Every structure is written in structure tokens, then in C-alpha cells.
Amino acid sequence: MKIIKNIEEIRNTTKELRASGKSIGMVPTMGCLHEGHKSLIDKAVANNDIVVVSIFVNPTQFGPDEDYDKYPRDLKADASLCESAGVDYVFAPEAEQMYPDGYSTFVVPSEKMTDIMCGKSRPGHFRGVCTVLTKLFTIVGPTRAYFGEKDIQQLAIVKRMVKDFNLPLEIIGCPIVREEDGLAKSSRNMYLSPKEREAATILRKSLLSAKDMVKCGEKSPEKIYNKVIEVIKSEELARVDYVELVDFDTFDRIDTLAETNLIAIAVYIGNTRLIDNIVINR
């Protein structure tokens, strides 16, 4: 495995690989890799000749009061996980390369997909995500790129962006990887104290309560929404950022249950913001 930090080097490397007929799987990450990332890497390794993992803590997707400066960074550990998983190249550029002085061009997704959920709570976040991914896709030129379904809004927006821009790659969504107690794996879980870590299981419990309601015949989105809020608030360390119940195919808020429904939540456990979601069929 080779670690590449220079844009031109990774661009020339992947250009030669494509010319030789190799398929390239890419897993874009911000590092601090865990089993959730590894599941994406495993899928990419299984489906492609060459795998590139990008490790870049992207400053443009963080708000002014968010955790960019303290976001965990450990390239040595990340590279070790990548190498053991069969990755061929790690692309780890510096921010100054990706955003040189005078940088002023951004990719802005539609308001319809960003005025709810994480887009509403984190203004400008998806502008930063779409901008950096457009740059990474242009630099690396992957055949396929892999994203976790935990960041379900991001996955939907990236799929839309790739379709709208006619980018020559396939976006693959991969299932959420969870701890034994149901908490979705996340780099931010390491911020939690032992007491907060136990409290964080309330996210999964609230989503399963909604699933149980639908299974028992409940058809009112309002009642389902209120139940999720109630369960989250039963945990004293939890503070609701948002709960959204939308049509999974369109991301439109719904007055009646759709065929396939997405319940997405963001919850603060202490000072740590965690997200999760569940898809429920009517």
C-alpha cells in the first residue's frame, strides 16, 4: 500500500490504472477509521481491482462552532487499518492543497434536499461535502465510490449530485454498522464518557419504538414522530436536535405514511452530536 499526499501524483497514478483497464473503488473518509469504514473498504476491495481511501478532514463542511480543530486525526492508525484491509492507495492531502489561497468555487446542492435534517441544523455543511467530493472524484476518477447509510441524507445528496453532473461513477450505499448494543459506529463516539456512551443507546431505542408502532398498525406520522421524541427525552443526558419523518424516495415530509419511510434523528448526548436513521416499510 502507498500513501500519497500530492494531488498530481494520485491523479497520474489512477489515470494510468484506468488506461490499463483497472476498475477503481474509492472510499472517501475524514479518517479516524472504525469498523463502519472497514465495511465500506471491504465492499470496495471485493468489487474492484484497485481501492483508494481518501483521508481528509474537510474544513468547508464544518460550521464556525463545530469540532474541526478537535476532530480526531491519526493517519498512522488509519493507514494500518487500510493496509490490513487490502487498500492499494491512501490519498491524504493537506487542506492547503485542496483549498489554496483564493479558492472561491463551491458546489451547492438544492435547497429541497438541504433545508431539513442535518442541512437545517448545519447550514453550509452539504455545500462543503459536495464541493470536496466533486474535487476528490475529479482528482481520483473512481469507477465506484462507497458511502455508509448512517449519513443517509449525505448519501441521497451525493447520488443526486453525481446524476445531475453526469459524473462517470457509481455511488454505492452500504448498511449501517452498529455496536453490540445498537449504537451506530461513529468517529464521534470516542468523545463520549462512559455514562454518555450508555445514554447514547437511546437513539436506537427511539427508532425501534417507531418501527414497532408501524408494525402494530399505527399510520399517523404525527403519533410516530411524538413517540420518537418521547423516548429520546426519557434519557436525561439526551437533547433532540431534530427528528424527521420523510418519504425515503423523495425526502419530502409526509402527512401520511409512504410505502417506504425514513426516520432520521440527530441527538446531542452531552456535547456530542450523534445521528442515526431507520427505514420503515408501511
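The values are calculated or read from the model by the stated rules, or taken from the named source; none is laboratory data. Given the structure is predicted, the values throughout are model-derived calculations rather than measurements. We place every Cβ from the backbone using ideal geometry, glycine too, and count neighbours over all the protein chains shown. Note: accessible area is taken over every heavy atom of the protein model, side chains too, but ligands, DNA and RNA are not part of it. Shrake-Rupley method; radii C 1.70, N 1.55, O 1.52, S 1.80 Å.
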Phi-based couplings in Hz for segment 163-172 (Karplus 6.51, -1.76, 1.60; Gly and Pro marked x): 5, 5, 8, 6, 6, x, 8, 10, 9, 10
Rounded percent of accessible protein surface that carbon and sulfur make up, segment 187-281, 1.4 Å probe: 47 percent
Packing rank of 64-70, 125-131, where each peptide gets the mean count of other beta carbons within 10 Å, highest leading: 125-131, 64-70
Amide H partners (placed H, <5 Å) of Gly148, local residues excluded: Cys174
1.4 Å probe accessible area per residue over segment 29-154, in Å²: 44 Å²
Rounded FRET efficiency, nearest 0.05, which uses the C-beta distance separating Glu9 from Leu169 and R0 of 30 Å: 0.90
Long pairs among Lys150/Lys195; Lys120/Lys159; Lys43/Lys159; Lys2/Lys38; Lys70/Lys195; Lys43/Lys227, criterion Cα-Cα beyond 25 Å: Lys43/Lys227
Percent carbon-and-sulfur accessible area, segment 2-174, ignoring ligands, DNA and RNA, probe 1.4 Å: 48 percent
Shape of segment 1-64, Cα gyration tensor, a/c cut at 1.5: oblate
Tilt relative to the chain, helix 202-215 - C-alpha long axis, 0 to 90 degrees, to 10: 60 degrees
Options (1) 238; (2) 134; (3) 157 - which one matches volume of the Cα convex hull per residue in Å³ as calculated here: (2)
For segment 1-74 and segment 194-238, distance of Cα centres in Å: 34 Å
Segment 167-239 - convex hull of alpha carbons, volume per residue in Å³: 161 Å³
